[in-house]
1. Output yes when any residue across region B:78-100 is under 22 Å from B:VAL136 (Cα atoms) and among the hydrophobic types (A, V, I, L, M, F, W, C), and no when none is.
2. Do we find that B:ALA46 is touching a residue at least 12 places away in the same chain (Cβ under 8 Å) and surrounded by 14 or more Cβ atoms within 10 Å (Cβ to Cβ) in this structure?
3. Among the numbered criteria (1) farther than 16 Å from A:VAL25 by Cβ; (2) crowded, with 20+ Cβ neighbours inside 10 Å, which one does B:ALA83 miss?
4. Restricting the search to region B:19-34, which residues are aliphatic (A, V, I, L, M) and either surrounded by fewer than 14 Cβ atoms within 10 Å (Cβ to Cβ) or in contact (Cβ under 8 Å) with a residue 60 or more places away in the chain (or both)?
5. Quick one: in region B:49-80, of everything that is touching a helix residue (DSSP H, G or I) at 6+ places or on another chain (Cβ under 9 Å), more than 22 Å from B:TYR27 (Cα to Cα) and among the small types (Gly, Ala, Ser), which residue is surrounded by the fewest Cβ atoms within 10 Å (Cβ to Cβ)?
6. Working carefully through the options B:ARG163, B:ARG135, find the one that is out of contact with any helix residue (DSSP H, G or I) (no Cβ under 6 Å at 6 or more places or on another chain), among the charged types (D, E, K, R), within 14 Å of another protein chain (Cβ to nearest Cβ) and closer than 18 Å to B:MET54 by Cα.
7. Name the one entry in B:GLY72, B:GLY97, B:GLY77 that is part of a helix (DSSP H, G or I) and within 16 Å of B:ASN144 (Cα to Cα).
8. Would you please name the residue that is farthest from B:PHE138 (Cα to Cα), looking only at residues in region A:1-30 that are among the small types (Gly, Ala, Ser) and more than 7 Å from every other protein chain (Cβ to nearest Cβ)?
Amino acid sequence: MKNPLDSLWGSVISGVVLTAVLYVVVKLMIGG
Amino acid sequence: MTMDFIQHGLGRWLHIGAGVMWIGLLYYFNFVNVAAAKAATADGTAAGIGKHIMPRALLFFRWAALVTWLAGAALLGSHFLDAFLFRDRAYVAIGIGAWLGTIMLFNVWGVIWPNQQKILGMKPASDEEKAKARRVAFLASRANVVLSLPMLFFMSASGGLFRAPML
């Protein structure tokens, strides 16, 4: 499998996905 | 009042200003320089980038990163541990942003800068070591691009979407 970090847009998409995951984590942590 | 102005007025100004320089240069490296250096290497004009641009860009990049982190720590003040240990619901979002920023700062000073010193000839390195340093610095820089997106989201959301009175 290709490393997404080798592609600029793969990196950006990875960042967006990580943001969404962490958003859910934070909502769960604060009980929202 | 004076301390409040220094911490939350000047401190936030410095945090955002230095942060713009840090992340601006990170995006310059990744959105512009990687492709530009590749094209310049192909037509034999890359020497100037390594000699004149990268040392200056990396100087402002690494010091802006440190100033951003220190100003952010000063902004958190007595709530520093509340954020980093997620002890208070109101500080969870900024805590996530602070942890991401801290990992990114480590990447800058602990991974990117030592490897760039080898690539740019500031530290002795064989061709094989330079090739390895180039790959490691590239991946650490790209990892910081990934981390910068949630970092910026949680930094801004801590004063917006997740701001304390809404909890």
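Any read-out appearing in this document is the output of simple, stated calculations on the displayed coordinates, not a laboratory observation. Just so it is clear, the structure is predicted and the values come from calculations on it, not from any experiment. Cβ coordinates were reconstructed from backbone atoms using ideal geometry, including for glycine residues, and neighbour counts include every protein chain displayed.
1. Filtering region B:78-100 down to residues under 22 Å from B:VAL136 (Cα atoms) leaves B:99-100.
Those left that are additionally among the hydrophobic types (A, V, I, L, M, F, W, C): B:99-100.
Among the residues of region B:78-100, at least one is under 22 Å from B:VAL136 (Cα atoms) and among the hydrophobic types (A, V, I, L, M, F, W, C), which makes the answer yes.
2. In short, no.
3. Among (1) farther than 16 Å from A:VAL25 by Cβ; (2) crowded, with 20+ Cβ neighbours inside 10 Å, B:ALA83 violates only (1).
4. From region B:19-34, those aliphatic (A, V, I, L, M) are B:20-21, B:23, B:25-26, B:32, B:34; that's our starting set.
Result: B:VAL20, B:ILE23, B:LEU26, B:VAL32, B:VAL34.
5. Looking at residues that are touching a helix residue (DSSP H, G or I) at 6+ places or on another chain (Cβ under 9 Å), more than 22 Å from B:TYR27 (Cα to Cα) and among the small types (Gly, Ala, Ser), I get B:GLY77.
6. From the options B:ARG163, B:ARG135, the qualifying one is B:ARG135.
7. Numbers: B:GLY72 fails: within 16 Å of B:ASN144 (Cα to Cα); B:GLY77 fails: within 16 Å of B:ASN144 (Cα to Cα).
Going through B:GLY72, B:GLY97, B:GLY77 in turn, the sole match is B:GLY97.
8. Here the answer is A:ALA20.
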